[in-house]
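Worksheet: one structure, shown below.
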Amino acid sequence: MIPRKFLAPSLICICILSLPTPVGFAGAATSSSRRLLTLDTAIAQATKLPRLHSMLASVRGELVLERYFNGTKSTRLANIKSVSKSVVSALVGIAIEQRKIPNVKQPISHYFPELLKDERQTLKQQITVEDLLTMRSGLESTSNRNYGAWVLSPNWVRHALSRPMLSPPGTTMIYSTGNTHLLSAILTKATGKSTWQYAQETLAKPMGFTLAPWMQDPQGIYFGGNEMTLTPRQMLAFGEMYLQGGKAKGVQVVPSEWVETSLTARTVSRRESDRFYGYGWWVRELAGYQTYYAWGYGGQFIFLVPELDLVVAVTSVSEPGAERRDHLGAIYDIVESSIIPVVAQNTAL
């Protein structure tokens, strides 16, 4: 279970400011002079972002913010981009619980013997499932400038495994979507089902929704780590499930031990010394609170702030654009400056 500060139900009451969309909340009305705290500032800031599609937030499972922007509707599926890495991580945890995969220390050569049989590939033969989860495989990245050549290759798994080793496995973080695609290939081999079918049966169905199929590689393996689609409410539900130690609708969907270990920082970002990575989840401090988040290209996010029982889901335009970096900074600023402090102040009332 994720450590958190449990709050008495009486300390938070939801204030619906305009129906049918919840947009703010206030503390319990014990005094007529108590100041009403809302998320109006966050909404005002979000409205100014031309790339933003949605912003939702829940506290203790209660929806306190749900807004859609720039013509987007609640039913629109969002391309969650690399947020799907966190979903694939959950599937790996389920597969380990079901003994489909022995454990995270399993060498990936067990699943790709024909590709890693060369005795000169000593380092590659040492790569484990955990190394893929933590982006420490040591393989040259298939992301960023290498992404185009990878997805245009005739065999994505072979291409990812053929990359040169830049560091020993289990040491340096090298962010690469190829790592997560290898996990999707491993899930396919280990479960005897496609990643989509396995996700449908073990994750989506227990949570009460249907997962739409997404892109496959030339061999039919579902893209691991990109192009998965969810509605914003499904993203929020996934975050709430993790905040509840892997439970949703009274069902243990993801093993609680896996939730805890997934959110444990295991390596540091090469770009920012205050940003860490677990099993498909980023870890950093926002507004003084330990925050875990799934992050996808263009501004797709699921933020978890366990101490406040807070989940924030954000979707945005997923295509490249000159203003993309400024957009990301604006999202972080809204969450850190206009959502977390308001929730924290209300919990203290």
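The values are calculated or read from the model by the stated rules, or taken from the named source; none is laboratory data. Quick caveat: nothing in here was measured; it's all calculated off a predicted structure. All Cβ positions, even for glycine, are placed from backbone atoms using ideal geometry, and neighbour counts span all protein chains on display.
Go through the range 292-308 and give me each residue that's in contact with a Pro (Cβ under 9 Å, 6 or more places away or on another chain) and closer than 11 Å to W281 by Cβ. Within the range 292-308, just Y292 meets the criteria.
Where helices (runs of 4 or more DSSP H) fall entirely within the range 154-201, those with at least 3 residues that are in contact with a strand residue (DSSP E or B) (Cβ under 9 Å, 6 or more places away or on another chain) are at 177-191, 195-199.
Going by what's in this entry, would A265 be described as at pLDDT 95 or above, crowded, with 17+ Cβ neighbours inside 10 Å, on the phi < 0 side of the Ramachandran plot and among the small types (G, A, S)? When the stated conditions are applied, A265 does not pass them.
When you look at L139, is it in contact with a Ser or Thr (Cβ under 8 Å, 6 or more places away or on another chain), farther than 30 Å from G246 by Cα and not basic (K, R), yes or no? So L139 fits the description; yes.
Here's the yes/no breakdown for (1) out of contact with any helix residue (DSSP H, G or I) (no Cβ under 9 Å at 6 or more places or on another chain); (2) free of Cβ contacts under 8 Å to residues at least 24 places away in the same chain; (3) under 28 Å from A44 (Cβ atoms); (4) small (G, A, S):
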residue	(1), (2), (3), (4)
Q234	no, no, yes, no
A237	no, no, yes, yes
V254	no, no, no, no
S273	yes, yes, no, yes
F276	yes, yes, no, no
Y279	no, no, no, no
G321	no, no, yes, yes
V335	no, no, yes, no
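Residues in the range 208-224 include at least one that is closer than 23 Å to L132 by Cβ, outside the structural domain of G93 (by TED's automatic domain parsing) and part of a strand (DSSP E or B). Evaluation of G298 against the conditions (1) part of a helix (DSSP H, G or I); (2) in contact (Cβ under 8 Å) with a residue 24 or more places away in the chain shows that the sole unmet condition is (1).
The one condition from (1) in a strand (DSSP E or B); (2) touching a Ser or Thr at 6+ places or on another chain (Cβ under 8 Å) that Q290 does not meet is (2).
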